[in-house]
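Below is one structure, written out as structure tokens; the observations come after it.
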Amino acid sequence: MVTVLDNPIISHKLAQLRNKNTPPKIFRKLVQEISMLMIYEVGREFESEEITIETPLTACRVKILHEENFVVIPILRAGLAMAEGVLKILSGASVGHIGLYRDEKTFKPIEYYSKMPPNLGEKILLVTDPMLATGGSGSAALQMLKDKGAQKIIFMNIVAAPQGIEKISAEHPDVPIYTAAIDDGLNENCYILPGLGDAGDRIFGTL
Ligand code: PRP
Ligand code: URA
């Protein structure tokens, strides 16, 4: 259930994200752009509806998506910049927020916020978080959504570690993961190697 979106344009932008000299202003823009490119690829799986519309000349059968059936759910904070990119493409989606941070000593996720639109069980949820490291935060977020009735979830990351993929695949085998890269592993502080550092800090300039 893991798809690596290593389209050359995405990889080119990811290369710039990884560079430690890329400043927050550019970093944020790149995360948004990568997310726009990723949702284009993820969208290949979406079900369209065929309807008839009138062009200025004649009737025409067209395929449409019901954007209101999508909910974009950033895991705070770093997921916010990805959500902005996805919402540029699916602007009719609603937005839910999950606040989680990793405890710096135990690396376990701590929940501090959650606000969701209604009827989650009828929607397609696009959960965004650029970093999938141990998988603790992602797994907790997905469980939180399932506890609220979510049925159809897609998890979008930019950089994933094998450990995180293993955890999500074991605990949420029904959730497809899309990532721009699978890296080598984690360091002693559970940061992804080679990774791109602390995504939240680099997006928001809080280094
Ligand atoms: C980062 C990242 C993920 C999490 C990944 O968030 O954005 O949510 O760590 O690590 P895990 O897979 O080991 O759980 P962080 O806790 O740094 O919070 P922030 O986005 O507010 O900076
Ligand atoms: N969170 C990040 O922001 N970066 C990592 O490498 C791991 C967790």
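For the range 52-162, a/c is not less than 1.5, where a ≥ b ≥ c are the root eigenvalues of the C-alpha gyration tensor, and a/b tops b/c. That puts it in the prolate class. The Phe107 and Asn7 beta-carbon pair, evaluated with R₀ = 45 Å, returns a calculated FRET efficiency of approximately 0.90.
I'd like the trypsin sites (Lys or Arg not before Pro) in the range 77-110 restricted to DSSP loop residues with at most 12 other Cβ atoms within 10 Å, sorted by number.
Here the sparse-neighbourhood loop sites are Lys105.
For the range 110-207, chymotrypsin sites (Phe, Trp or Tyr not before Pro) meeting the loop criterion (DSSP other than H, G, I, E, B) and having at most 12 other Cβ atoms within 10 Å: none. Taking amide H positions as modeled 1.01 Å from N, with prolines and chain starts lacking one, the residues under 5 Å from Ser114 and 5 or more places away or on another chain are Gly99.
With r as the distance between the Cβ atoms of Gln16 and Asp184 and R0 = 22 Å, compute the FRET efficiency 1/(1 + (r/R0)^6) and round to 0.05. Can you show the working numbers first?
On the way: r = 20 Å, r/R0 = 0.89.
Between Asp184 and Gln16 the formula returns 0.65.
With Cα atoms as the point set, the radius of gyration and Dmax of the range 123-207 evaluate to 12.9, 38 Å. Where both partners of a DSSP beta bridge lie in the range 30-176, what percent of those bridges are antiparallel, to the nearest 5? Roughly 45 percent of the DSSP beta bridges within the range 30-176 come out antiparallel.
Among the GluC sites (Glu not before Pro) found in the range 1-95, those both in a DSSP coil and sparsely packed, with 11 or fewer other Cβ atoms within 10 Å of their Cβ, are Glu47. Comparing mean-square fluctuations of Leu30, Leu90, Leu57 from a GNM of the chain with C-alpha springs under 10 Å, the top value falls on Leu57. A cut-off of 5 Å between modelled amide H atoms, ignoring neighbours fewer than 5 places along the same chain, links Phe70 with Ser94, Ile124. Across the cross-link table entries Lys20/Lys148; Lys20/Lys152; Lys29/Lys123; Lys25/Lys63, which are compared at the Cα atoms, the separations over 32 Å belong to Lys20/Lys148; Lys20/Lys152; Lys25/Lys63. When its C-alpha radius of gyration is set against 2.2 N^0.38 Å (N residues), the chain gives a value of 1.04. Computed over the range 123-207, relative contact order equals 30 percent, with contacts defined as Cα pairs under 8 Å that lie 6+ residues apart.
Readers should treat all values here as calculations from the given coordinates under stated rules, not as data from a laboratory. This one's a predicted model, so the numbers in the text were calculated from it and none came from an experiment. Note that we place each Cβ from the backbone using ideal geometry, even for glycine, and neighbour counts take in every protein chain shown.
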